[in-house]
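Read-outs: derived from the displayed coordinates by stated rules, not from any lab. Note that the structure is predicted; figures quoted are calculated from it, not measured. In this analysis, Cβ positions are derived from the backbone assuming ideal geometry, glycine residues included, and neighbour counts consider all displayed protein chains.
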Ligand code: UD1
């Protein structure tokens, strides 16, 4: 199994191209099931999760072709992928496929809306808490679907004549359930109003693409989204928005190691709250024509408290990385996780590098230390694994991160991007 070997201590200097957002690409790809026409997505990142979803969509009958020519964007690469689901050949998403990635459960929305039925295995994905599907079930039931759970599968059936527009307010904000309800409602009869909708930029990106396909959605990006159902959707061409989590991750890496890096092709407006926290830690962050510039020249890292929250709050997907940064602050900071239980698995691994962290319920207290020392550590989930890479870059000596398949799910060309900025990072195969 591959490991990542890092020799810490170098500052980062140069340009890092930011990829298309994984968390936007996945729902956009799933939206292609809503039409028999071709949906073309540009700027699709090359990631294990994307490849896995390609397999899942293929199983439903999607014909998928990746442009032979790779689009060159700065020093990075992104792909243009065409999805055509002329016919849905199977409305079942089997356990073997769905268990590997939670977001694949989201196919339930388009399958149900287009075919009137779907049978989807209960999901898997990162081991960060129980992650139930009750909100999806309630939202689809509000649209008139009959839902049964049988043998580990959710079986959903639309009423005769299709789903029916409805008003539904989520008791809790869920990104995935908002995506699914929005997709399902595009083909429902009448108007749907989603209350307490997730406001994440990826929800807005999905609505933008669905509207380009002929849907009538307004309010995406606010907590009330209105969808007027239409009879059918057509194909479209859409560019996946930049990855705000990748952006924040590299910004935190620079804030930790010091240096001067331009994050190319991204947009500060996607992650204001996180950038503000990084600024308060002592880094300078400015928007440039091509993206964002992050500079930290000398000066220590100041302690900053953060609490994770749904957008526009501090993203839970940057919590582990920010904790990495705080391990070297010159004081005491607190990080509170409010979205997922059990999302502190990186704490014990960071401790192996010399971090001083204590947990009390959902809050971590981090006492900054002057130096971290390299050590063998183990990745436990996608975002946790990259926090170990960041900490390794700022540690003295050698760090090896094992179980890097977690990283490959969400970070495109990580070693290459960091190496070009002066880091010593390499992949070692056993
Ligand atoms: C998405 C992101 C993930 C991010 C998360 C929160 C993708 C592919 N993944 O995940 O990277 O960490 O948003 O920003 O976009 N919940 C329920 N019942 C449900 C559904 C969710 O209780 O039916 C709970 C979850 O357990 C969690 C909270 O709601 O505590 C938020 O989860 P949700 O927003 O649904 O996360 P995902 O969409 O899975």
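Quick notes
- Rounded FRET efficiency, nearest 0.05, which uses the C-beta distance separating residue 289 from residue 138 and R0 of 41 Å: 0.35
- Shape call, the range 243-320: gyration tensor on alpha carbons, a/c limit 1.5: oblate
- Cα centroid separation, the range 330-378 to the range 85-107 (Å): 36 Å
- Rg over Rh for the chain works out to 0.98, both radii taken from alpha-carbon positions and Rh defined as the Kirkwood radius.
- Note on the range 156-253: the alpha carbon radius of gyration divided by the globular reference 2.2 N^0.38 Å gives 1.17.
- Cα gyration tensor shape for the range 22-239, rounded if a/c is under 1.5, else prolate or oblate: rounded
- Gain upon complete extension [residue 396, residue 351; 0.36 nm per residue less C-alpha separation]: 14.8 nm
- nm² value of the averaged projected area, convex hull over the Cα atoms of the range 106-213: 6.8 nm²
- Extents of the range 1-72, largest first, come to 52, 29, 23 Å (Cα atoms, principal axes, whole angstrom).
- The calculated FRET efficiency for residue 115 paired with residue 222, based on their beta-carbon distance and R0 = 41 Å, is about 0.85.
- With Cα atoms, 0 to 90° folded angle of helix 382-394 axis to the chain main axis: 20 degrees
- Simple spin-label estimate for residue 95 and residue 280 gives 4.6 nm between the two label positions (7 Å along the Cα-to-Cβ direction from each Cα).
- Against the chain, whose longest principal axis is taken from its Cα atoms, helix 244-257 shows a tilt of about 0°.
- For the pair residue 191 and residue 232 in one chain, pulling the backbone fully straight at 0.36 nm per residue adds 13.3 nm over the alpha carbon distance.
- At an R0 of 30 angstrom, the distance between the Cβ atoms of residue 363 and residue 429 translates into a FRET efficiency of 0.20.
- Rounded to 10°, Cα long-axis angle of helix 201-212 versus longest principal axis of the chain: 40 degrees
- Were the residues from residue 42 through residue 64 laid out at 0.36 nm apart, the gain over their Cα-Cα distance would be 6.6 nm.
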